[in-house]
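One structure is given below, encoded as structure tokens.
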Amino acid sequence: MIECQLKIKQGGFTLDVEFCAPAKGVTVVFGSSGCGKTTLLRALAGLEKSDDGFLKVGDSIWQDGKNFIPPHMRSVGYVFQEASLFDHLNVRGNLEYGARRAKEAGKDFMGRALDLLDIRPLLERTTEQLSGGERQRVAIARALAVNPDILLMDEPLSALDLKRKKEILPYLDSLHHELDIPLIYVTHSPDEASRLADHLVLLEEGSVVGSGAIDEMLTRFDLPISHGGDATSLIEATVVGHDDRFNLMYLNFSGGQFTVTDRELPLESKVRLRVSARDVSLTQELQTDTSILNIFSAIVDEIVPEGRSQVMVRLKIKDVTMLSCITRKSAELLKLNPGKQVYAQIKSVALLS
Amino acid sequence: MLNEFDITALFITLKLAGVSTLILLLLGTPLAWWLSQTRWKLKTILEAIIALPLVLPPTVLGFYLLITLGPNGPVGGMLESLGGASIAFTFTGLVVGSVIYSMPFVVQPLQNAFSGIGRRPMEVAATLRASPLDRFFSIAVPLARSGFITAAVLGFAHTVGEFGVVLMIGGNIPGETQVLSIAIYDHVEALEYGQAHWLAGGLLLLSFLMLMMVYIFNRRFSLMQSDNQ
């Protein structure tokens with residue numbers, strides 16, 4: 001468990017935050033540029049000094065009032081926006097720099113970091129002999145090799161082009177699945193947030209406007225992210241079967257079964273699905289003569305207006321929450337009300353990770 | 001050829017430059033580091049004071065040093081009242097004068113090198129468990145390597161080449177405080193052009209070789225980096 005309550009003044013800007021994050025999984029700090037995301041992350045590492053506040057990570061208290069533990073005495077791994085490798089050391093030297101100094105780091109962690117990020121072939125290279133993506137991978141491995149209690153990442157993909165991003169993302173996915181320490185990930189990219197986050201902290205102009213599990217946060221109508229064209233819902237599912245004839249794949253989630261295009265993922269692998277609110281339409285009766293494969297019985301939970309001609313509907317498919325964006329006219333024709341039973345037809349599903 | 005006093009002058013010069021460079025690096029490194037890191041508003045005043053020897057006639061500096069360090073000056077008087085001797089017209093006096101006179105040649109390259117590193121590598125090192133002192137020696141010093149070489153060579157060469165300050169504070173005592181640059185002047189005054197040639201030519205060659213060393217090193221340094229790209 002991470003408990004954070006910090007206040008930092010920088011010129012005209014004030015960061016005043018209070019939130020909790022779970023002890024495991026990825027917490028994404030999401031917000032537009034200039035909202036204080038990086039300052040918050042730096043404060044967690046102790047690189048910015050908070051005059052007053054409280055910060056506890058696991059069992060260690062890093063700040064309590066005026067008591068401030070300096071950065072080098074905090075068990076953090078920090079990945080900066082640019083890889084920031086030490087140019088006077090080669091890849092091995094960079095990795096060993098922290099590992100040699102951290103008491104808690106052992107050889108195992110170094111090996112694990114090397115394997116997780118595929119660093120072994122790069123070990124003897126100088127930093128100039130690395131591509132942008134490789135540099136960032138070394139930076140991540142360097143942070144992990146100290147065996148930290150928490151890993152902090154500040155937009156690690158933002159300095160990379162699309163191709164390099166795609167090269168790094170699978171590594172971030174494996175961190176997500178393999179790490180048993182909390183990862184705090186700062187980003188302004190909705191794609192990265194929905195792909196990686198288990199927990200979301202929404203930051204706006206230096207304060208936290210909402211914090212909670214990602215699926216709840218995305219469908220909370222009091223937050224801006226549940227509105228507009230970007231409104232989406234996330235569903236965790238497991239691969240349960242393949243249909244070779246039609247090249248399809250079956251995915252079970254707690255509300256039923258999805259049929260999607262086969263990506264040749266092994267059985268039992270966990271996937272995250274993203275469903276855009278615009279791709280979910282509603283019907284009163286179960287349609288049988290339709291091209292849509294994914295249809296689920298759902299209960300209307302709440303309806304809010306979305307502009308002048310549309311409404312945003314929050315649905316419950318058993319315990320899974322999903323958003324649907326339809327016209328106000330359709331809502332009236334269907335006589336939608338909270339508690340009403342409908343069928344959600346899902347036109348398309350994006351497979352994340 | 002060189003006479004006995006010329007040989008002594010050569011040794012005094014090299015010893016003076018060596019000792020001064022060592023002291024300059026020991027004093028200049030923390031000073032340059034502090035200047036490169038501080039956000040203190042009045043730091044420009046300190047920077048201007050350190051840079052003064054660049055523009056001041058050496059005789060002005062030497063004059064004030066003589067006044068301060070001489071037996072009737074505040075520092076010299078204090079030393080005498082403590083049972084010591086005034087350091088004017090001694091080797092120690094030469095060292096004090098040289099250190100002050102060559103300070104900007106050491107502090108400025110170091111400060112530039114330290115500033116060029118930026119805060120980021122130091123912050124990264126902090127998150128990798130390095131204490132402030134550890135970060136300084138393991139990150140700042142190696143990254144500022146070319147700054148140290150430039151500072152050492154310029155400090156040494158500039159001390160070898162000084163004239164006015166050592167003349168004022170050292171008093172040109174052959175065998176004690178007479179350095180090469182003054183020995184050359186004396187030979188020219190006495191119309192001993194042959195000996196002046198030997199000394200002047202030697203100094204010219206020495207200075208040229210030292211500067212070559214700086215350029216070769218900095219070039220190899222930058223070549224080493226561009227090779228790998």
**Message:** I need B:34, B:40, A:62 ordered by Cβ neighbour count within 10 Å, fewest first.
**Reply:** B:40, B:34, A:62
**Asked** Residues of B:116-126, mean number of Cβ from any other protein chain within 10 Å of their own Cβ, rounded to a whole number?
**Response** 5
**Nearest-ten-degree value, helix A:132-144 long axis tilted from longest Cα axis of chain A** = 70
**Complete:** Full extension between residue A:100 and residue A:297 adds, at 0.36 nm per residue less the Cα distance, a length in nm of 65.2 nm
**Prompt:** Could you give P(r) for region B:1-121, binned at 5 Å from zero, as whole percent values over all Cα-Cα pairs?
**Reply:** 2, 10, 15, 16, 18, 15, 11, 6, 3, 2, 1, 0
**Prompt:** What average number of partner chain Cβ atoms lie no more than 10 Å from the Cβ of the residues making up A:83-96?
**Reply:** 3
**Highest-fluctuation residue, A:144, A:162, A:282 considered, GNM on chain A with Cα pairs under 10 Å** = A:162
**Message:** With 10 angstrom as the radius, rank B:7, A:140, B:67 by how many other C-beta atoms surround their C-beta, starting from the fewest.
**Reply:** B:7, B:67, A:140
**Complete:** Quick note on B:165, A:240, A:91, ordering by fewest other C-beta atoms within 10 Å, gives A:240, A:91, B:165
**Derived scalar couplings ³J(HN,Hα) [region A:315-328; Karplus, 6.51 cos²θ - 1.76 cosθ + 1.60; whole Hz; x for Gly, Pro]** = 10, 10, 9, 6, 9, 9, 9, 9, 9, 9, 10, 10, 6, 4
**Message:** How much of the pair distance distribution for the protein assembly as shown lies past 32 Å, counting alpha-carbon pairs only, in percent?
**Reply:** 62
**Asked** Can you give the FRET efficiency for residue A:209 and residue A:240, using 1/(1 + (r/R0)^6), R0 = 41 Å, r = Cβ-Cβ distance, to the nearest 0.05?
**Response** 0.60
**Kirkwood Rh in Å, taken over region A:109-222 so that all alpha-carbon pairs contribute** = 15.4
**Message:** Once R0 is set to 51 Å, what does the formula 1/(1 + (r/R0)^6) return for the Cβ-Cβ distance between residue A:263 and residue B:26, expressed as a FRET efficiency to the nearest 0.05?
**Reply:** 0.20
**Asked** Which pairs, out of A:66/B:43; A:9/A:37; A:7/A:56; A:9/A:66, put more than 18 Å between their alpha-carbon atoms?
**Response** A:66/B:43
**Value of [θ]222 nm, deg cm²/dmol, for chain B, DSSP H segments ≥ 4, -39500 (n - 2.57) each, nearest 500** = -25000 deg cm²/dmol
**Complete:** Evaluated at 4 °C and 1.567 mPa s, the Stokes-Einstein D of chain B based on the Kirkwood radius over Cα pairs, in µm²/s, stands at 67
**Message:** What does the structure give for A:65-74 when I average, per residue, the other chain Cβ atoms found within 10 Å of the residue Cβ?
**Reply:** 3
**Prompt:** Measuring from centroid to centroid over Cα atoms, what is the spacing of region A:303-353 and region A:154-201 in Å?
**Reply:** 29
**Message:** Can you list the DSSP H helices in chain B whose Cα atoms extend at least 20 Å along the helix axis and whose mean Kyte-Doolittle hydropathy is 1.0 or higher?
**Reply:** B:4-37, B:91-117, B:145-160
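Every read-out reported here was derived from the displayed coordinates using simple, explicitly stated rules and does not represent laboratory data. These numbers were taken from a predicted model, which means no experiment stands behind them. Every residue, glycine among them, receives a Cβ derived from its backbone with ideal geometry; neighbour counts consider all protein chains shown.
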